[in-house]
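Some notes on the structure that comes next.
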Amino acid sequence: MAPGEGEPRVGFYRERSHEVIPVASCLLQSAAADQAAGAVRRWMKEHSVSAYDERTGKGLVRHVYVRTNAQGQALICLLVNGEEIPHRKELIALLRESCPSAVGIVLGINLSKSNVILGERYQKLWGQDFLMDTLCGLSFKLSVPTFFQVNREQTERLYSLVREYAGLSGRETVLDLYCGAGTIGLCLADAAKRVIGVEVVPEAVADAKENAERNGITNAEFFCADAGKIKALLEENNIRPDLVIVDPPRKGLRPEAIELLAGLAAPRIVYVSCDPATLARDLKLLVQDGYAVKEARAVDLFPRTSHVECVVRIQKEN
């Protein structure tokens, strides 16, 4: 979303820039995403609602965020640079008319002068503020800020590979860093003795706890903490993980996470990466800490793009 001449520009960033290129329809997006974007564009134009300008930090509407599930239902979130929006009822009516698959509409408040997409706070405008989805035979509740892969079929292939590399026997304690809604850890729980998930997003941790209960999984627990805090927690409870799963964002592992992994010295690590460049950087650091890369495989979750996911099996050397 960006200011334009006569009407706001609604589309996608030009590669390696933050210049918004207007796009009315995208073949890689769901129909719901196109419908929601079109409705927001029309609402902004009809009611003279401003688009956010990254250069000045002014303007209201920043992003339209749409999540869909296997059943075709959609959760729509409008990210804004403000505490409120004008003509709220008109927006809700237009989105419901334009996007009949929507089950909820959420307003995300993002007042930061940055290019961060998601907000600090959320309020429900209509319907529900979450979406239910299924993955690997489990049911998951997903709030707006909770990370979830967009390609469900390939995600199941990805998690199958994680499970293969994990090589669990039922006796292991698994530490799942960057756990999000708990998807990876919960998909491994039936083959582990204990799963401990860690995530810094409170809403995601709440979803993970609820997802464990919903699926009848009793050997998984989740904590809202950063790497420094989880280290103290593990030490206090004398927990030594046999396996660590890491699935960081595109920028890779934070320095404190690398430090945590070095201190834990877990026998095995499975690294799930969405950026080969930061993966290579982090693997170099882990090798310096006494680990060896044993196996790696790419999984294409983003067809017709240059992006790829990688899964790496890493083992502690004697």
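The values are calculated or read from the model by the stated rules, or taken from the named source; none is laboratory data. As the structure is a computational prediction, the values presented were derived from the model and not from experiment. Please note: Cβ atoms are built from the backbone with ideal geometry, for glycine as well, and neighbour counts cover all protein chains shown.
Checked against the criterion of being touching a Gly at 6+ places or on another chain (Cβ under 8 Å), among the basic types (Lys, Arg) and closer than 24 Å to THR278 by Cβ, region 213-234 contains one or more residues that satisfy it. Only a single criterion out of (1) touching a Gly at 6+ places or on another chain (Cβ under 9 Å); (2) surrounded by fewer than 20 Cβ atoms within 10 Å (Cβ to Cβ) is not satisfied by VAL195, namely (2). A single member of GLU164, GLU199 is touching a Cys at 6+ places or on another chain (Cβ under 6 Å), without any contact (Cβ under 8 Å) to a residue 40 or more places away in the chain and under 23 Å from VAL299 (Cβ atoms), and it is GLU199.
With respect to the conditions (1) touching a residue at least 24 places away in the same chain (Cβ under 8 Å); (2) in contact with a strand residue (DSSP E or B) (Cβ under 6 Å, 6 or more places away or on another chain); (3) on the phi < 0 side of the Ramachandran plot, LEU28 falls short on a single one, namely (2).
For region 172-180, state whether one or more residues are part of a helix (DSSP H, G or I) and modelled with pLDDT under 95. Looking through region 172-180, none of the residues is part of a helix (DSSP H, G or I) and modelled with pLDDT under 95.
If a residue counts only when it is within 28 Å of GLN154 (Cβ to Cβ), free of Cβ contacts under 8 Å to residues at least 60 places away in the same chain and under 24 Å from the mean Cα position of the chain (by Cα), which strands (runs of 3 or more DSSP E) contained entirely in region 202-318 have at least 2 such residues? Ranges flagged: 220-224, 268-273, 291-299, 309-316. Just one of the numbered conditions (1) among the hydrophobic types (A, V, I, L, M, F, W, C); (2) over 24 Å from GLU172 (Cα atoms); (3) surrounded by 18 or more Cβ atoms within 10 Å (Cβ to Cβ) is not true of ILE269: (2). Could you grab me the full set of residues in region 175-190 that are over 18 Å from THR146 (Cβ atoms) and either of a type in the set (Asp, Glu) or touching a Lys or Arg at 6+ places or on another chain (Cβ under 7 Å) (or both)? LEU188, ASP190 - these are the residues of region 175-190 that are over 18 Å from THR146 (Cβ atoms) and either of a type in the set (Asp, Glu) or touching a Lys or Arg at 6+ places or on another chain (Cβ under 7 Å) (or both). Counting only residues that are under 20 Å from the mean Cα position of the chain (by Cα) and touching a residue at least 40 places away in the same chain (Cβ under 8 Å), which one in region 103-116 is surrounded by the most Cβ atoms within 10 Å (Cβ to Cβ)? By that ranking, first place goes to GLY108.
Candidates are the residues of region 209-235 that are among the small types (Gly, Ala, Ser) and modelled with pLDDT of 95 or more; the one that is surrounded by the fewest Cβ atoms within 10 Å (Cβ to Cβ) is GLY216.
Kindly indicate whether any position in region 32-41 is in contact (Cβ under 8 Å) with a residue 24 or more places away in the chain, surrounded by fewer than 19 Cβ atoms within 10 Å (Cβ to Cβ), in contact with a helix residue (DSSP H, G or I) (Cβ under 9 Å, 6 or more places away or on another chain) and over 23 Å from SER143 (Cβ atoms). Checking region 32-41: at least one residue is in contact (Cβ under 8 Å) with a residue 24 or more places away in the chain, surrounded by fewer than 19 Cβ atoms within 10 Å (Cβ to Cβ), in contact with a helix residue (DSSP H, G or I) (Cβ under 9 Å, 6 or more places away or on another chain) and over 23 Å from SER143 (Cβ atoms).
Here's a check for you: in region 133-178, which residue that is of a type in the set (Ser, Thr, Tyr), surrounded by 19 or more Cβ atoms within 10 Å (Cβ to Cβ) and in contact with a helix residue (DSSP H, G or I) (Cβ under 7 Å, 6 or more places away or on another chain) is nearest to CYS274 (Cα to Cα)? Filtering first and then ranking leaves TYR159. Within region 79-88, the set of residues being buried (at least 17 other Cβ atoms within 10 Å of the Cβ) and in contact (Cβ under 8 Å) with a residue 40 or more places away in the chain comprises LEU79 only.
Within region 105-143, can you find the residues that are farther than 17 Å from GLY82 by Cβ and hydrophobic (A, V, I, L, M, F, W, C)? Correct list: TRP126, PHE130, LEU131, MET132, LEU135, CYS136, LEU138, PHE140, LEU142.
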